[in-house]
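*Asks:* Here it is, the structure, as structure tokens.
FYI, it's all coordinate maths here, none of it is from the lab. Fair warning: this is a prediction, and the values are worked out from it, not measured in the lab. As a convention, Cβ positions derive from the backbone with ideal geometry for all residues, glycine included, and neighbour counts pool all protein chains shown.
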Amino acid sequence: MKIKLFEMERMQSLWENVVDYNLSESGVHPLLLKDLLKPAELKKTLRTSLGYIQSDGTKGLKEQIARLYPGADLNQILVTSGSSEANYLTVWKNVEPGDEVIFELPNYMQMGGLAKSYGARVKPLYLRESLGWEPDLDELRKLVTKKTKMIMITNPNNPTGAILSREAVETTIDLASKVGAWIVADEVYQGAERDGQTTPSFWGKYDKLFVVSGLSKAYGLPGLRLGWLVGPAKAIDRTWPYHDYTTISLSAMSDRLGQIALSPEFRGKILKRTRAILNYNYPILSSWLKRQADIFNFIPPKAGAICFVRYNFRMNSIELVKKLIDEKSVLIVPGEHLGLDGYLRIGFGNEEPYLRAGLARIKAALRSFKTARRR
């Protein structure tokens, strides 16, 4: 099998630890280990055996995850190495050559790219800026056919930070149920809402459903590489053997630290921290964008440490980002890597001085790029 190049991850892998300022991330600046390991937890953690653990996740960790999905049994949960592995296993197990898949755009391109690599026919469902980054539901109705195998949704969305309306969720479920299609709901940004209102999960609303999530975005713990897949028990049982061919299991330390992060004592504090960072930093970015209204247009994101901005001069977004890397040592994400050229995704989850310094370099560069394009 030949894979479709995952362009965004290739660019980030090459540059995120090389540039002076990395504003390409979509989560808040990470927690420190000492923030999780208070004295009592440190003593318990030091007794953690560094051997192999239960490959689909330990009972203790699954119990903490199950608390997030009312009615979920432990056999409906598969713990993975990050939400990316959960996405991968879901596509690998369920998508066959010739299958029809509907994929929301703009989006994190992993699932769509994998589906194409496995021979599926991928039909884009575009979120419309004119609708506040909602899908056109009449367009969705036309896209879903008797051949539709799977509908892939990211909610809250990456890169727009938009949250689907109740009508959009209900319409998606109704259309999927009529043709027997699976819904894959990537909910990794749930908990990172600026207004403090948790985005309702697709869980419990539909039977043929996989929910993907993890600790990288809303929890500020990307280094743990801890994700999960929740779905019908039989479907999870059929997916678990595919996990045997990939990472086999989570690390013992990630499992242990994940239990701490998801415990009732810590989870609320972590999400409160995330939302505090978002609400402190977003006005910095918003003011910066508004001061350059001749260059940028944007819809305020409802969730995530990301803002998807449209720029109004002619330059391919990949070309623009490469010039930022070369000339200013700053990394952001080109819209083309997310399925929509003419836009940029700017992360605002960094610490304040770092964020301001990175934005200053971007401003200087974009002014010169725009002037050059007018000549």
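*Asks:* Have a look at Ser24, Ser55, Ser84 and point out the one that is among the small types (Gly, Ala, Ser), buried (at least 17 other Cβ atoms within 10 Å of the Cβ) and closer than 30 Å to Leu209 by Cβ.
*Replies:* Ser84
*Asks:* Within the range 101-129, can you find the residues that are in contact with a Leu (Cβ under 9 Å, 6 or more places away or on another chain), within 18 Å of Leu89 (Cα to Cα) and not in a loop (DSSP other than H, G, I, E, B)?
*Replies:* Ile102, Phe103, Gly112, Gly113
*Asks:* Could you list, in sequence order, all residues of the range 281-309 that are over 21 Å from Gly349 (Cβ atoms) and touching a residue at least 12 places away in the same chain (Cβ under 8 Å)?
*Replies:* Asp294, Ile295, Asn297
*Asks:* For the range 141-175, what are the residues that are surrounded by fewer than 21 Cβ atoms within 10 Å (Cβ to Cβ) and under 17 Å from Met111 (Cβ atoms)?
*Replies:* Of everything in the range 141-175, those that are surrounded by fewer than 21 Cβ atoms within 10 Å (Cβ to Cβ) and under 17 Å from Met111 (Cβ atoms) turn out to be Leu143, Lys149.
*Asks:* Would you be able to tell me the number of residues in the range 130-152 that are touching a strand residue (DSSP E or B) at 6+ places or on another chain (Cβ under 8 Å) and not in a strand (DSSP E or B)?
*Replies:* The number of residues fulfilling the criteria is 8.
*Asks:* Take the conditions within 25 Å of Ala218 (Cβ to Cβ) and outside any loop (DSSP other than H, G, I, E, B) and apply them to Arg367. Does it pass?
*Replies:* no
*Asks:* Ok, one more. Which numbered condition trips up Gly358, out of (1) touching a Pro at 6+ places or on another chain (Cβ under 9 Å); (2) farther than 23 Å from Leu224 by Cβ; (3) crowded, with 23+ Cβ neighbours inside 10 Å?
*Replies:* Of the numbered conditions (1) touching a Pro at 6+ places or on another chain (Cβ under 9 Å); (2) farther than 23 Å from Leu224 by Cβ; (3) crowded, with 23+ Cβ neighbours inside 10 Å, the odd one out for Gly358 is (1).
*Asks:* Another question, if that's okay. For Tyr245, only one of the following conditions fails: (1) among the aromatic types (Phe, Trp, Tyr); (2) closer than 25 Å to Ile183 by Cα; (3) within 22 Å of the chain's Cα centre (by Cα); (4) surrounded by fewer than 16 Cβ atoms within 10 Å (Cβ to Cβ). What is its number?
*Replies:* Failing condition for Tyr245: (3).
*Asks:* Quick check on the range 302-326: of everything there that is part of a loop (DSSP other than H, G, I, E, B) and of a type in the set (D, E, K, R), which residue is surrounded by the most Cβ atoms within 10 Å (Cβ to Cβ)?
*Replies:* The extreme case among them is Lys302.
*Asks:* Let me ask another. For the range 203-249, which residues satisfy the criterion of being assigned to a loop (DSSP other than H, G, I, E, B), in contact with a Ser or Thr (Cβ under 6 Å, 6 or more places away or on another chain) and of a type in the set (A, V, I, L, M, F, W, C)?
*Replies:* Across the range 203-249, the qualifying residues are Ala218, Ile248.
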